[in-house]
Amino acid sequence: LYEACVGYQYFFFLNMFCWKRKDNPIKRRNDVCLLWIARKNSKSINSWLIMILLMLLEPKYSEFYLCVNTRDQAKIIYNEAKKLLESSPIIKDKFDIKRDVITCRLNQNTLKALSSDANTLDGRRVSAACIDEVGAAKDGYLIESMTSGMLSVQNRLLILISTSYPNTQNPFLEWTDYSKKVIDGVVDDEKLFAMLYSLDEKDEMVVENFMKANPLQSTLEDGREYLESEYKKALEMGGAKLTSFKCKHLNIWLDG
């Protein structure tokens, strides 16, 4: 992974998998991991990599879920996870890939894609779940369903990943606000790990500050040029274009 990832990705995976409890070294320190990051920074690939690693590392017959908001999105992320496995000659023979489920042949662990508009989400024994684009969720039902399914799992893991949206009434905003309190030491929660990439309120709208929301694009010359070009265009056009740029590329929450 070290050779395949940029710095922020590797740091995220290290904190997720490598910190264990001193009194119980089998158990990971973090139950909840949160990543808030701008678009085009390999956000979804992180989800697939995490799930594949969990399938290889966790005990037999564990159940893992990639979760999104709609059935169409679920099909897309599932197909992308399949492509990632099929493109790797080292590990693809360790997995049985079918239309609706991926099974690890080493331990019979399974991976499925779910959406919040599925017929039922309750009654599942969830070892870990990664929920993508939580900022577009209408409510917290998907999060609560996955969390309640983990109650009997010792090494449970909930991963929440999203970009900002022009909507200030969603569960991910509540989680990012809570994470800021944990990071600032206002709230004590040793089981939460969060990485939050966004501009600060007083930051000037200059390319150097845009990098604070774009840890992948900041390593690419083309990425810096693209952000600068898009910002000039958005500033000139205003309206929906400027709103979209601030949400998608600067990771700023906007109301409407």
note = residue 64 passes all but one of the listed conditions (1) free of Cβ contacts under 8 Å to residues at least 40 places away in the same chain; (2) within 22 Å of residue 195 (Cβ to Cβ); (3) within 20 Å of the chain's Cα centre (by Cα); the exception is number (1)
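Going by what's in this entry, would residue 45 be described as touching a residue at least 40 places away in the same chain (Cβ under 8 Å) and β-branched (Val, Ile, Thr)?
On the way: touching a residue at least 40 places away in the same chain (Cβ under 8 Å): no; β-branched (Val, Ile, Thr): yes.
Taking the combined requirement at face value, the residue does not satisfy it.
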task = May I ask you to list the residues in the range 81-103 that are under 22 Å from the mean Cα position of the chain (by Cα) and not small (Gly, Ala, Ser)?
result = 82, 83, 84, 85, 86, 100, 101, 102, 103
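Quick check on my filter: what residues within the range 154-180 are assigned to a loop (DSSP other than H, G, I, E, B) and either open to solvent by less than 10 Å² (accessible area, probe 1.4 Å) or of a type in the set (Lys, Arg) (or both)? Please lay out each step first, then the result.
Step one: list which residues in the range 154-180 are assigned to a loop (DSSP other than H, G, I, E, B), which gives 154-156, 163-170.
Result: 156, 163, 164, 170.
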ask   = Has the range 84-103 got any residue that is surrounded by 14 or more Cβ atoms within 10 Å (Cβ to Cβ), touching a residue at least 40 places away in the same chain (Cβ under 8 Å) and either outside any strand (DSSP E or B) or among the hydroxyl-bearing types (Ser, Thr, Tyr) (or both)?
value = no
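If you take the residues in the range 208-225 that are of a type outside the set (S, T, N, Q) and surrounded by 15 or more Cβ atoms within 10 Å (Cβ to Cβ), which one is nearest to residue 173 (Cα to Cα)?
If we filter the range 208-225 for residues that are of a type outside the set (S, T, N, Q), which is where we start, we get 208, 210-213, 215-216, 220-225.
Next cut, surrounded by 15 or more Cβ atoms within 10 Å (Cβ to Cβ) only: 210-213, 215-216, 223-224.
Details: 210: 20, 211: 21, 212: 18, 213: 16, 215: 20, 216: 22, 223: 26, 224: 27 Å.
So, considering only residues that are of a type outside the set (S, T, N, Q) and surrounded by 15 or more Cβ atoms within 10 Å (Cβ to Cβ), the one nearest to residue 173 (Cα to Cα) is 213.
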note = Among residues of the range 4-18 being touching a strand residue (DSSP E or B) at 6+ places or on another chain (Cβ under 9 Å) and over 15 Å from residue 216 (Cα atoms), the residue surrounded by the fewest Cβ atoms within 10 Å (Cβ to Cβ) is 18
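Those residues that are aromatic (Phe, Trp, Tyr) and touching a strand residue (DSSP E or B) at 6+ places or on another chain (Cβ under 9 Å), I need them from the range 197-226; list them, please.
First, the residues of the range 197-226 that are aromatic (Phe, Trp, Tyr): 197, 210, 226.
Of everything in the range 197-226, just one residue is aromatic (Phe, Trp, Tyr) and touching a strand residue (DSSP E or B) at 6+ places or on another chain (Cβ under 9 Å), namely 197.
For residue 113, indicate whether it is out of contact with any Ser or Thr (no Cβ under 7 Å at 6 or more places or on another chain), over 25 Å from residue 26 (Cα atoms), modelled with pLDDT of 90 or more and in a strand (DSSP E or B). Full working, then the answer.
Working: out of contact with any Ser or Thr (no Cβ under 7 Å at 6 or more places or on another chain): yes; over 25 Å from residue 26 (Cα atoms): yes; modelled with pLDDT of 90 or more: yes; in a strand (DSSP E or B): yes.
It is true that residue 113 is out of contact with any Ser or Thr (no Cβ under 7 Å at 6 or more places or on another chain), over 25 Å from residue 26 (Cα atoms), modelled with pLDDT of 90 or more and in a strand (DSSP E or B).
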ask   = Among the residues of the range 19-33, which ones are open to solvent by less than 90 Å² (accessible area, probe 1.4 Å) and closer than 16 Å to residue 54 by Cβ?
value = 27, 28, 30, 31, 32, 33
query = How many residues are closer than 23 Å to residue 45 by Cα, of a type outside the set (Gly, Ala, Ser) and part of a loop (DSSP other than H, G, I, E, B) if we restrict to the range 129-151?
reply = 1
task = Can you tell me which residue among 242, 192 is crowded, with 16+ Cβ neighbours inside 10 Å, without any contact (Cβ under 8 Å) to a residue 12 or more places away in the chain and closer than 22 Å to residue 135 by Cα?
result = 242
query = For the range 35-63, how many residues are in a strand (DSSP E or B) and either crowded, with 23+ Cβ neighbours inside 10 Å or of a type in the set (Val, Ile, Thr) (or both)?
reply = 2
note = Output for Cβ contacts, cut-off 8 Å, separation at least six or different chains, first residue surrounded by 13 or more Cβ atoms within 10 Å (Cβ to Cβ) in the range 226-239, second outside any helix (DSSP H, G or I), reads 227/214; 231/205
ask   = Only one of these conditions is not met by residue 106: (1) within 23 Å of residue 155 (Cα to Cα); (2) loosely packed, with under 12 Cβ neighbours inside 10 Å; (3) hydrophobic (A, V, I, L, M, F, W, C). Which number is it?
value = (2)
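The values are calculated or read from the model by the stated rules, or taken from the named source; none is laboratory data. Note that the structure is predicted; figures quoted are calculated from it, not measured. Every residue, glycine among them, receives a Cβ derived from its backbone with ideal geometry; neighbour counts consider all protein chains shown. Only protein heavy atoms, including side chains, enter the accessible area calculation; ligands, DNA and RNA are left aside. Shrake-Rupley method; radii C 1.70, N 1.55, O 1.52, S 1.80 Å.
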